[in-house]
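Notes follow once the structure below has been shown.
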Amino acid sequence: MTIDDIIDFVEGLGDVLTLRPAPGDGSPEISWGDSFFYYSPDRVVPTTTQPFATIVTKNYPGDESSRLDRAGAFRVNVHAGKDAFIEATGHAPREQGPSGVDAGAPDTVIAHPLYGSAAWLAVIDPGAHTDAVIRELLWQAHALARSRYELRQANTP
């Protein structure tokens, strides 16, 4: 899977706002080249919620274990919920610490190196082994984001 394959898939889920920070748009330089996916039928960046998935193309400070400094490497991060997290990892989200899992292993679903305790999953350079899994996780994350959006709308006076 390429970054464009993932973006096309996520945008095809419907009502997705994709942010792709770039030079000159006012976004922080560290985010340039990355992608952030929000459920947003009105096409407005939500101020009360995080993206349901992201694609990062470089190491962020404190998050070097994925080794995204390799040419062409990228990581898909997905917040598909606790049940999906448990199914993918075999354990409940827990405080980060040594897990024995190589955070830079390609084409492997892992607990996010920094946000696994919040039930975020990650895949470095998704390929044949994780193609179907990452699509299912993205679908689940989108469905959860849609549910949260609808609940907020129902509770707004």
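The values are calculated or read from the model by the stated rules, or taken from the named source; none is laboratory data. Being a predicted model, the structure only gives us computed values, none of them experimental. Heads up, the Cβs are rebuilt from the backbone with ideal geometry, glycines too, and the neighbour counts pull from every protein chain shown.
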Could you check, for region 33-42, whether at least one of its residues is in contact with a Phe, Trp or Tyr (Cβ under 7 Å, 6 or more places away or on another chain), modelled with pLDDT of 95 or more and farther than 24 Å from Glu136 by Cβ? no
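Somewhere in region 130-148, is a residue more than 18 Å from Val10 (Cβ to Cβ) and either hydroxyl-bearing (Ser, Thr, Tyr) or surrounded by fewer than 21 Cβ atoms within 10 Å (Cβ to Cβ) (or both)? Please lay out each step first, then the result.
From region 130-148, those more than 18 Å from Val10 (Cβ to Cβ) are none; that's our starting set.
Within region 130-148, not a single residue is more than 18 Å from Val10 (Cβ to Cβ) and either hydroxyl-bearing (Ser, Thr, Tyr) or surrounded by fewer than 21 Cβ atoms within 10 Å (Cβ to Cβ) (or both).
Inside region 99-129, can you point out the residues that are among the small types (Gly, Ala, Ser), in a loop (DSSP other than H, G, I, E, B) and surrounded by fewer than 16 Cβ atoms within 10 Å (Cβ to Cβ)? Working first, answer last.
First, pick out the residues of region 99-129 that are among the small types (Gly, Ala, Ser): 99-100, 103-105, 111, 116-119, 122, 127-128.
Restricting the remaining residues to those that are in a loop (DSSP other than H, G, I, E, B) gives 99-100, 103-105, 119, 127-128.
Once the filter is applied, which keeps residues that are among the small types (Gly, Ala, Ser), in a loop (DSSP other than H, G, I, E, B) and surrounded by fewer than 16 Cβ atoms within 10 Å (Cβ to Cβ), region 99-129 yields Ser99, Gly100, Ala105, Gly127, Ala128.
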Taking region 100-123 and keeping only residues that are in contact (Cβ under 8 Å) with a residue 12 or more places away in the chain and over 18 Å from Pro51 (Cα atoms), one is left with Ala103, Gly104, Ala105, Pro106, Asp107, Thr108, Val109, Ile110
All conditions in (1) buried (at least 17 other Cβ atoms within 10 Å of the Cβ); (2) part of a loop (DSSP other than H, G, I, E, B); (3) of a type outside the set (A, V, I, L, M); (4) out of contact with any Lys or Arg (no Cβ under 7 Å at 6 or more places or on another chain) are true of Pro93 except (4)
**Message:** Going residue by residue through region 138-149, is there one that turns out to be free of Cβ contacts under 8 Å to residues at least 12 places away in the same chain and within 16 Å of the chain's Cα centre (by Cα)?
**Reply:** yes
Per the filter on region 46-61, residues under 16 Å from Gln153 (Cβ atoms) and among the β-branched types (Val, Ile, Thr) are Thr47, Thr48, Thr49
The residue that is nearest to Gly127 (Cα to Cα), considering only those in region 50-82 that are of a type in the set (Ser, Thr, Tyr) and surrounded by fewer than 18 Cβ atoms within 10 Å (Cβ to Cβ), is Thr57
